[in-house]
Amino acid sequence: MTARFSFAIHATDGRARTGTIAMKRGEIRTPAFMPVGTAATVKAMKPGDVRASGADIILGNTYHLMLRPGAERVNRLGGLHGFMGWDRPILTDSGGYQVMSLAELTKRSEDGVAFKSHLDGTRHLLSPERSIEIQRLLGSNIVMAFDELVPTTSTREVQASAMERSMRWAKRSRDAFDAGGQHAEDNAIFGIQQGALDEGLRKSSADALIDIGFDGYAIGGLAVGEGQEAMFGCLDFAPGQLPLEKPRYLMGVGKPTDIVGAVERGVDMFDCVLPTRSGRTGQAFTRNGPINIRNARFAEDQGPLDPACGCPVCATWSRAYLHHLVRAGEILGAMLMTEHNIWFYQQMMADLRAAIAEGRLTAFADDFRARYAAGQ
Ligand SMILES: [Zn+2]
């Protein structure tokens with residue numbers, strides 16, 4: 001029988017690693033990209049098509065699901081897996097990031113964050129204990145600790161105090177998780193390193209999390225507008241402060257070149273709305289850079305979105321047809337563009353895993369960046 005949670009590293013290349021996370025609901029090949037299923041759906045895609053793209057795990061959003069349709073309701077309806085028809089692992093965020101970016105009239109205290117729903121104005125409290133309870137009700141397999149975020153432009157003093165509170169909340173999250181509950185045999189918990197771009201704060205945060213002990217460690221508070229160079233500067237030290245033998249998850253990242261650079265710096269897991277959101281607005285990712293399919297130059301282009309892509313969309317439909325669908329506002333346009341983009345990300349992750357396993361990551365990454373930039 002598969003253990004609750006294990007992580008095996010099969011090969012390393014520089015700081016990069018490729019491995020497998022084993023959970024009862026299935027294996028997750030790393031480096032992994034998790035499509036975002038905000039409201040119990042990876043927008044415009046059926047779960048079987050998400051799986052066919054090569055995705056081993058998807059992400060659900062605690063903040064959105066607690067407000068609509070409600071965590072207790074999802075629980076009565078079989079948990080997220082049964083409700084949405086996805087039987088493989090699901091990671092849920094803690095709601096911390098979204099409550100602070102989307103909710104109205106938020107009031108932070110040591111207890112948690114009180115807020116009004118952006119949907120209907122109802123009042124709620126999200127605390128470490130409630131966040132863990134909600135994630136358990138949803139049937140999450142990888143539960144995230146609840147943390148506090150402040151802008152990277154805040155003063156070091158504000159950053160330090162938010163990081164320290166996040167570490168107290170990480171301990172409360174761990175204690176709430178250890179108190180048990182539904183699916184206790186089937187879920188793992190990750191802590192989240194904070195500390196903005198400051199090496200000393202990141203180290204204090206990592207040490208506090210390691211002292212508590214988690215199944216995996218996320219790097220939080222990046223990709224919030226600091227730019228790729230600053231993010232990579234932080235990733236030159238942050239992953240190395242976390243345990244070598246546990247998975248490292250960079251939250252909310254990112255563009256294809258962000259992911260390639262982060263994998264080179266030792267990150268194992270990613271999530272981002274970019275492939276799905278871009279698909280709905282007419283942007284397709286290709287090995288030669290992103291293209292906007294609405295552009296008039298594609299009106300009679302009979303080639304596929306990306307000639308090197310192995311996805312069902314590129315096998316069947318032309319750029320001209322997708323150009324027409326997207327310009328006409330047809331639902332199928334959003335569906336096909338999203339499917340191609342999710343495949344692009346999953347193929348990129350498979351290529352990264354193979355390059356690490358074969359010890360040629362630097363050559364692969366340099367070639368990927370050169371081709372991607374040439375088309376832009
Ligand atoms: Zn394709």
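Bear in mind these aren't lab numbers, they're just calculated from the coordinates by the rules spelled out. Bear in mind that the values here come from a model prediction, so they are computed numbers and not experimental data. Backbone-built Cβ (ideal geometry, glycine too); neighbour counts: all protein chains shown.
Please pull out the direction-averaged projected area of the chain, using the convex hull of its alpha-carbon atoms, in nm² to one decimal place.
Details: hull surface 72.8 nm².
If you wrap the Cα atoms of the chain in a convex hull and average its projections, you get 18.2 nm².
For the chain, give the share of DSSP beta bridges that are antiparallel, in percent and rounded to the nearest 5; count only bridges with both residues there.
On the way: 22 of 44 bridges.
Close to 50 percent.
Mind jotting down the distance between the C-alpha centroids of the stretch 281-317 and the stretch 213-253, whole Å?
32 Å
What is the sum of charges around Thr362, taking Lys and Arg as +1, Asp and Glu as -1, for the other residues whose C-beta is under 12 Å from the C-beta of Thr362? Please list the in-between numbers first.
Details: positive: Arg15, Arg360, Arg369; negative: Asp13, Glu264, Glu358, Asp366, Asp367.
Its environment carries a net charge of -2.
Gain in length, Asp207 to Glu330, computed as 0.36 nm per residue apart minus the alpha-carbon separation, to one decimal in nm? Working shown, then result.
On the way: separation 123, 0.36 × 123 = 44.28 nm, distance 5.09 nm.
Difference between extended and current length: 39.2 nm.
Taking θ = phi - 60°, what integer Hz values does the Karplus form 6.51 cos²θ - 1.76 cosθ + 1.60 yield along the stretch 51-68, in sequence order, with x for Gly and Pro?
Using θ = phi - 60°, the values come out as 5, 4, 6, x, 6, 9, 7, 10, 10, x, 9, 4, 4, 5, 6, 5, 8, 7 Hz.
Using amide H atoms built 1.01 Å from N in the peptide plane, name the residues 5+ places from Ala11, or on other chains, whose amide H lies under 5 Å from its own.
Thr18
How big is the charge dipole of the chain about its Cα centre, in debye rounded to the nearest 20, if each Lys and Arg gets +1 on its Cβ and each Asp and Glu gets -1 on its Cβ? Walk me through the numbers before you get to the answer.
Values: 42 positive and 43 negative charges, 148 e Å.
The dipole magnitude comes to about 700 debye.
Could you pull out every residue, at least 5 positions away or on a different chain, whose amide H is within less than 5 Å of the one on Asp271? Hs are placed 1.01 Å off N in the peptide plane, and Pro or chain starts have none.
Met34, Gly252, Val253
What full-extension length gain, to one decimal in nm, is calculated for Thr281 and Asp120 as 0.36 nm per residue of separation minus the Cα-Cα distance?
Residue separation times 0.36 nm, minus the Cα-Cα distance, leaves 55.3 nm.
Amide H to amide H under 5 Å from Ile192: which residues, 5+ apart in sequence or cross-chain, H placed 1.01 Å off N in plane?
Those qualifying (amide H under 5 Å, at least 5 residues apart or on another chain) are Ala145, Ala218.
By how many nm would the segment from Ala39 to Arg360 lengthen if fully extended, with 0.36 nm per residue of separation less the alpha-carbon distance? Let's see the in-between values first.
Values: separation 321, 0.36 × 321 = 115.56 nm, distance 3.84 nm.
Difference between extended and current length: 111.7 nm.
Using only the alpha-carbon atoms of the stretch 1-139, report the extent along each of the three principal axes, biggest first, to the nearest angstrom.
Computed over the Cα atoms, the extents are 48, 33, 29 Å.
Be a star and scan the stretch 23-66 for residues whose amide nitrogen sits under 15 Å from the point 7 Å along the Cα-to-Cβ vector of Asp186.
23-27, 58
Extending each Cα 7 Å along its Cβ direction at Asp111 and Thr12, get the distance between those two points in nm, one decimal.
With each label placed 7 Å out from Cα toward Cβ, I get 4.6 nm.
State, as an integer percentage, the relative contact order of the stretch 88-219 based on alpha-carbon contacts under 8 Å between residues 6 or more apart.
Numbers: 214 pairs, mean separation 29.2, N = 132.
Answer for the stretch 88-219 is 22 percent.
So what J values fall out for the stretch 267-275 if you push phi through Karplus, 6.51 cos²θ - 1.76 cosθ + 1.60 with θ = phi - 60°, rounded to Hz, Gly and Pro as x?
Per residue, the Karplus-derived 3J(HN,Hα) values read 8, 10, 9, 9, 8, 6, 7, 4, x Hz.
Would you mind telling me which residue in Leu209, Leu119, Leu91 has the biggest mean-square fluctuation in a Gaussian network model of the chain, where springs connect alpha carbons within a distance under 10 angstrom?
With Cα springs under 10 Å in the chain, the top fluctuation among Leu209, Leu119, Leu91 is at Leu119.
Grab the alpha carbons of the stretch 279-374, take their convex hull, and tell me the volume per residue in Å³.
So the per-residue Cα hull volume is 83 Å³.
Name all residues of the stretch 317-340 having a backbone nitrogen under 17 Å from the label point set 7 Å from the Cα of Arg294 along its Cα→Cβ direction, giving them as ranges.
Under cut-off, by backbone N: 320-338.
What is the stretch 171-248 by shape, rounded, prolate or oblate, if you read a ≥ b ≥ c off the alpha carbon gyration tensor as root eigenvalues and call it rounded for a/c under 1.5, prolate for a/b larger than b/c, and oblate otherwise? If you can, show how the numbers build up before the last one.
On the way: a/c = 2.37, a/b = 2.10, b/c = 1.13.
In terms of gyration-tensor shape, prolate.
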